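Peer 1: Dropping a structure here in structure tokens format, bear with me for questions.
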Amino acid sequence: MNPTIRCVEPAACPSLTKGEYRYDFGDTAGLTPLMKMHTLGHDFVPEPIHAGGLRYHGMSPLVSHIYDQGLVEAISIPQTECFAGAIQFARAEGIVPALEPTHAIAAAVREALAAKEAGEERVILTALCGHGHLDLASYETYLAGTMTDLDLSDDAIAEAMKSVPVLG
């Protein structure tokens, strides 16, 4: 059996799916040692999306390495789809998820629908960290229909990448 391991990130901050695998600083001040990671550039300032801690300019060096080696896949999902998955999860499981794992929940919903459409049985495993009780204002924004999706443009990425040091 060959399991698929899929990293899921916000479409508004897609460091794995649109970032470059380069050495960059781990902080916006440029004071940390350079680390090889998928990055949008340490000067990247994400939009004020409701993705909680998923608004960092770079991806973990370890996750970046295994993605570069082809051991995992990566996709990005817009925040309204993440909230739709979170609401579905809360109704089914009785747990309001924290905002960060809603990306994985939305990907699991996609996978389940694809399996249903294909008439296949699949084992789908996802992780849940935290609860969304402190994120209820974001859920309210979604349920009120005032949340918008933000897609990071290639021009914005190119501008942010200008801050990344060129080595060698």
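Peer 1: List pairs: first in region 1-24 and in a loop (DSSP other than H, G, I, E, B), second hydroxyl-bearing (Ser, Thr, Tyr), Cβ under 8 Å, 6+ apart or cross-chain?
Peer 2: Every condition considered, the pairs that remain are Ala11/Ser76; Cys13/Tyr56; Pro14/Ser76; Gly19/Thr39.
Peer 1: Take the conditions at pLDDT 85 or above, within 18 Å of the chain's Cα centre (by Cα) and either farther than 24 Å from Glu111 by Cα or in a loop (DSSP other than H, G, I, E, B) (or both) and apply them to Leu152. Does it pass?
Peer 2: Taking the combined requirement at face value, the residue does not satisfy it.
Peer 1: One residue is enough: does region 37-58 have a residue meeting the conditions acidic (Asp, Glu) and closer than 18 Å to Ile157 by Cα?
Peer 2: yes
Peer 1: Just to verify a result, which residue in region 128-161, among those that are under 14 Å from Pro14 (Cβ atoms) and touching a helix residue (DSSP H, G or I) at 6+ places or on another chain (Cβ under 7 Å), is surrounded by the most Cβ atoms within 10 Å (Cβ to Cβ)?
Peer 2: Leu152
The values are calculated or read from the model by the stated rules, or taken from the named source; none is laboratory data. None of the values given here were measured: they were computed from a predicted structure. No Cβ is skipped: glycine too gets one built from the backbone with ideal geometry, and neighbour counts run over all protein chains shown.
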